[in-house]
Amino acid sequence: MRAVLAPEALEAIVEELRRRDWRVVAPTVRDKAIVYDEIASAAELPVGWKDVQAPGSYKLELRDDEARFGYAVGPQSWKRELLAPSVRLLQIERTHGSFKAAEDAAEAKRTAFFGVRPCEVAAIKIQDRVLIGGSFADGDYLARRKNSFVIAVNCGEPAANCFCASMNTGPKAEDGYDLVLTEILDGAHRFLAEAGTGEGAELLAKLPQQPAADADLSAAQKVTDTAREKMGITLDRSDVRDLLLANLEHPRYDDVAGRCLACTNCTLACPTCFCTTVDDANDLSGAGSERTRKWDSCFTAQYSEMHGGGTRRSLQSRYRQWLIHKLATWNDQFDTQGCVGCGRCITWCPVGIDIREEVSAIRATQEAKP
Ligand code: SF4
Ligand code: SF4
């Protein structure tokens with residue numbers, strides 16, 4: 001089922017979802033960035049804003065139109081909704097010689113993710129595979145995922161750091177959504193809306209709409225075709241697994257270690273990274289204890305700490321492990337790539353380390369070998 005929506009129909013989407021008592025989480029402008037937060041009205045979307053990104057750099061600028069989704073991606077991803085940054089796993093209270101234990105329940109309200117980019121739809125699929133697709137499902141993630149409703153928005157304005165076309169994860173979402181919108185700005189501002197599930201079709205049927213004509217379909221196709229052309233192919237993934245595994249001791253890893261600050265930004269901003277740690281905290285009186293799961297990063301020296309010390313003590317080995325996991329061994333482990341080409345690790349790296357450039361540098365010396 002597909003239809004054409006006027007920009008005002010976005011308000012009807014928010015109203016309908018809130019009428020059902022769902023949380024509506026969507027992009028909105030805060031602290032000079034586009035972040036994901038709960039909204040009560042479509043007026044809170046980043047109307048008329050675009051993001052300008054470069055390695056280690058991000059800023060918002062006003063557009064000369066009223067585009068609702070005229071930007072690429074911000075610092076946050078939907079990971080914060082599904083694999084929450086901090087989850088209390090267990091709380092224990094001592095009571096008169098005995099104790100009671102309680103697990104925290106995940107957010108009970110249904111949540112609509114409104115404005116999910118195609119690369120982020122792909123990232124959710126990857127985290128589904130990792131966190132609930134194996135023999136043991138992560139209960140908190142599973143509960144949040146079952147409670148989610150995905151409204152994707154195809155991309156028309158990739159940022160300079162986007163490379164979803166290289167990773168085959170965008171700029172058009174092929175599946176993994178309930179409803180997908182394509183914003184068309186060719187004079188008559190409108191959205192092509194296409195349902196991906198029965199629930200998506202049911203929501204779409206409730207919205208004020210026009211039938212989609214052939215001209216609307218070709219205008220929507222042009223939006224994503226243009227975005228794909230703008231990006232080009234900047235990371236050749238055809239042989240990247242073998243390239244990286246054949247160059248484990250490449251001197252480029254020493255070079256990158258000289259620049260990397262081990263700040264962990266790249267992993268925290270990445271929509272697919274899933275490293276976590278577990279903290280136990282006891283209250284000083286001995287009356288209670290809490291166990292909390294928190295995001296962690298393979299860039300810290302402590303992450304690989306075991307009896308006898310850490311296994312990745314040098315920054316060179318930590319960057320290498322991250323890059324090779326993302327683009328090579330993730331495939332062996334999960335039958336899927338670990339990178340969707342969103343560009344966040346490039347934009348939010350304070351020293352502008354660029355995953356595409358690091359791969360190109362390794363490839364260049366490999367190709368130069370006699
Ligand atoms: S590795 Fe970088 S480009 Fe790839 S998904 Fe993670 S943040 Fe995005
Ligand atoms: S964001 Fe950049 S500096 Fe920070 S850990 Fe990642 S690669 Fe290193």
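The values are calculated or read from the model by the stated rules, or taken from the named source; none is laboratory data. Keep in mind that this is a model prediction, so the values were computed, not measured. Because the Cβ atoms are built from the backbone with ideal geometry, glycine has one as well, and the counts that use them run over all protein chains shown.
If you check LEU83, LEU62 for being under 25 Å from VAL24 (Cα atoms) and surrounded by fewer than 15 Cβ atoms within 10 Å (Cβ to Cβ), only one passes: LEU62.
Restricted to helices (runs of 4 or more DSSP H) entirely inside region 220-291, those with at least 3 residues that are in contact with a helix residue (DSSP H, G or I) (Cβ under 6 Å, 6 or more places away or on another chain) are 240-245, 252-259. From the list SER289, SER314, the lone residue that is outside the structural domain of ARG94 (by TED's automatic domain parsing), within 16 Å of ligand 2 (Cβ to nearest atom) and small (Gly, Ala, Ser) is SER314. Just one residue in the set ALA42, ALA72, ALA26, ALA9 is assigned by TED's automatic domain parsing to the domain that holds ASP216, buried (at least 20 other Cβ atoms within 10 Å of the Cβ) and in contact with a Cys (Cβ under 6 Å, 6 or more places away or on another chain); that residue is ALA72. In region 254-289, the residue that is nearest to ligand 1 (Cβ to nearest atom) out of those that are closer than 24 Å to VAL351 by Cβ and of a type in the set (Asp, Glu) is ASP255.
Every residue, every condition in (1) outside any loop (DSSP other than H, G, I, E, B); (2) more than 28 Å from ALA193 (Cβ to Cβ), yes or no:
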{"position": "GLN53", "(1), (2)": "yes, no"}
{"position": "GLU61", "(1), (2)": "yes, no"}
{"position": "GLU66", "(1), (2)": "no, no"}
{"position": "LEU131", "(1), (2)": "yes, yes"}
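Taking region 224-238 only, how many residues are under 19 Å from the mean Cα position of the chain (by Cα) and more than 17 Å from VAL153 (Cβ to Cβ)? Total meeting the criteria: 1.
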